[in-house]
Amino acid sequence: MTAITAGTTTAAPTVTRRGRGGLARAILRNRKAMVGACLFLLFCLLAAFPRLFVPWQHGDPRDVGTLPLQHPSSKYWFGTTGLGQNVYAELVYSTRESLLIALLAGLGATILSVIIGVSAAYLGGRADDLLSMFTDVFLVLPTFPLIIVLATYAGKGNLTVVIVVLIVTGWSYGARQMRAQALSLRNREFLESARVRGERSSYIIVVEILPTMTSLILANFLGAALYSVLTAAGLQFLGLGDPNSLSWGTMLYWAQNQGALVNGLPAWALSPGLAVALLGVSFALLNYAFDEISNPALRPVRRRRVKSANS
């Protein structure tokens, strides 16, 4: 018995290291994860260090130039706006606010989903009924009209209001998923052991339940971030954001108002839309990839080449 115990104790760290190394190898071998991570890293670099990607001759994106509605050239790669501002510089500097909205709104919606969904499943009874009814109300509400009403009357042009509105309207679907997953875990043996030990409900939820739901929480965050970046761009395009802010949705708003396509400047209208789409693709690819990594049944089957016996 002593030898077996010693051998088990010695082998445990090796198993942990292999598990971590296996997860890292799975991420590196997953093409979707790599493409999504590279795109996301690129946008993070653009948001953190925009000056590295904007040559000095392009100037500050807020500077009003003397050459409005210029076509793409060696100096103005994507042309200029109706006020003479450099479209390429605006595109790079707008990454920061757009990415910030996606991450903060996605994080806030995920936290709200976890709190409401897991609490409803674990507490059960009347608390589950009330929280589930509250979730169902937000699920059946028409989301985009509600977003427009809230953004209009709660403080048009305020970035904080836009983020809060996205959190309020983006948590309910994730909460339903969290509740379903937590319900499947509520009567597991390790939770029963924690109850027998006399652990508090908050301890059981945070320490025992949430670590087993890491992949679902991460997928929920990526889905909420994708929803946030697309919805925020739509709000700003409709003029419900700050028209003086630097974001991709605001660029689309001004490109529409100043007739970018009519004046033969498709890069002004298409580049922010393409940036929104690529950021959304990065979140979607990471979401799909982590689903495949966490669930072996979703992984694509790779056929091995069978060598002929004569070769």
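The values are calculated or read from the model by the stated rules, or taken from the named source; none is laboratory data. All figures in this text were calculated on a predicted structure; none of them were measured in a lab. Here Cβ is always computed from backbone atoms with ideal geometry, including for glycine, and neighbour counts include all displayed protein chains. Heads up: the accessible areas ignore ligands, DNA and RNA and are worked out on the full protein's heavy atoms, side chains in. Shrake-Rupley method; radii C 1.70, N 1.55, O 1.52, S 1.80 Å.
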Fill in: Where GLN57 falls short, out of the listed (1) in a helix (DSSP H, G or I); (2) closer than 26 Å to ARG96 by Cβ; (3) modelled with pLDDT of 65 or more
(3)
Worksheet item: When you scan region 265-285, how many residues do you find that are open to solvent by 20 Å² or more (accessible area, probe 1.4 Å) and not small (Gly, Ala, Ser)?
Response: 6
Discussion item. Of the conditions (1) at pLDDT below 85; (2) buried (at least 19 other Cβ atoms within 10 Å of the Cβ), ARG186 satisfies every one except a single condition; which number is it?
Written reply: (2)
Worksheet item: Restricting attention to region 233-264, which residues are surrounded by fewer than 23 Cβ atoms within 10 Å (Cβ to Cβ) and of a type in the set (S, T, N, Q)?
Response: ASN244, SER245, GLN256, ASN257, GLN258, ASN263
Worksheet entry | Lone unmet requirement of (1) in contact with a Ser or Thr (Cβ under 9 Å, 6 or more places away or on another chain); (2) open to solvent by 20 Å² or more (accessible area, probe 1.4 Å) for SER98 | (2)
Practice prompt. Filter region 62-93 down to residues that are in a loop (DSSP other than H, G, I, E, B) and among the hydrophobic types (A, V, I, L, M, F, W, C) and give me whichever is farthest from the chain's Cα centre (by Cα).
Written response: LEU67
Item to complete: State whether one or more residues within region 42-50 are of a type in the set (Gly, Ala, Ser), at pLDDT 90 or above, open to solvent by 50 Å² or more (accessible area, probe 1.4 Å) and over 25 Å from VAL262 (Cβ atoms).
Response: yes
Discussion item. Can you name every one of the helices (runs of 4 or more DSSP H) wholly within region 94-208 that holds 3 or more residues which are within 30 Å of PHE43 (Cβ to Cβ) and touching a residue at least 60 places away in the same chain (Cβ under 8 Å)?
Written reply: 95-123, 143-153, 159-170, 172-185
Practice prompt. Among the residues of region 127-181, write down those that are open to solvent by less than 50 Å² (accessible area, probe 1.4 Å), of a type outside the set (A, V, I, L, M, F, W, C) and modelled with pLDDT under 85.
Written response: GLY155, GLY157
Discussion item. Just checking, does region 291-300 include any residue being under 22 Å from TRP254 (Cα atoms) and modelled with pLDDT of 55 or more?
Written reply: no
Response to the item:
All conditions in (1) open to solvent by 60 Å² or more (accessible area, probe 1.4 Å); (2) more than 21 Å from the chain's Cα centre (by Cα) are true of GLY124 except (1)
Worksheet item: Within region 74-84, is there a residue that is farther than 30 Å from GLN256 by Cα and either open to solvent by less than 60 Å² (accessible area, probe 1.4 Å) or modelled with pLDDT of 85 or more (or both)?
Response: no
Worksheet entry | Condition met for TYR203 (open to solvent by 10 Å² or more (accessible area, probe 1.4 Å) and more than 27 Å from ALA37 (Cβ to Cβ)) | yes
